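The values are calculated or read from the model by the stated rules, or taken from the named source; none is laboratory data. Keep in mind that what you see is a predicted model, and the values were worked out from it rather than measured. In this analysis, Cβ positions are derived from the backbone assuming ideal geometry, glycine residues included, and neighbour counts consider all displayed protein chains. Surface accessibility is based on the protein's heavy atoms, side chains included, excluding ligands, DNA and RNA. Shrake-Rupley method; radii C 1.70, N 1.55, O 1.52, S 1.80 Å.
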Amino acid sequence: AVLGRPVPVQGVPYWTDAASLAAAGIPTVLFGPSGAGAHALEEWVDLASVQQCATIYARLIRAFCA
């Protein structure tokens with residue numbers, strides 16, 4: 001609803017801690033703002049997507065903790 005479009009479910013070509021959780025049988029979602037250059041000399045995120053993520057996180061917290 002926040003993005004105004006469906007979000008694809010897809011794999012990623014890099015390792016994260018989510019792999020350890022998934023291996024333990026814990027359902028895992030890796031989700032964050034758009035950007036590029038993770039852990040590189042030049043790393044950035046799109047500020048509009050940071051705001052969208054904050055809105056999504058807040059809605060999820062309210063729904064989960066209600």
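I'd like the carbon and sulfur percentage of the solvent accessible area for the chain, probe radius 1.4 Å, heavy atoms only, ligands and nucleic acids excluded.
Numbers: 3660 of 5740 Å².
Whole-percent figure for carbon plus sulfur exposure: 64.
Given a 1.4 angstrom probe, what's the average accessible area per residue across region 11-66, in square angstrom?
Details: 4740 Å² over 56 residues.
With the other protein chains kept in place, region 11-66 gives 85 Å² per residue.
Modelling each spin label as a point 7 Å along the Cα-to-Cβ direction, I'd like the Val7/Leu30 distance in nm, to one decimal.
1.5
Hey, for a label at Ala54 modelled as a point 7 Å past Cα toward Cβ, could you say which residues of region 17-41 have their backbone N under 17 Å away?
Of the residues in region 17-41, 32-35 have backbone N under 17 Å from the label point off Ala54.
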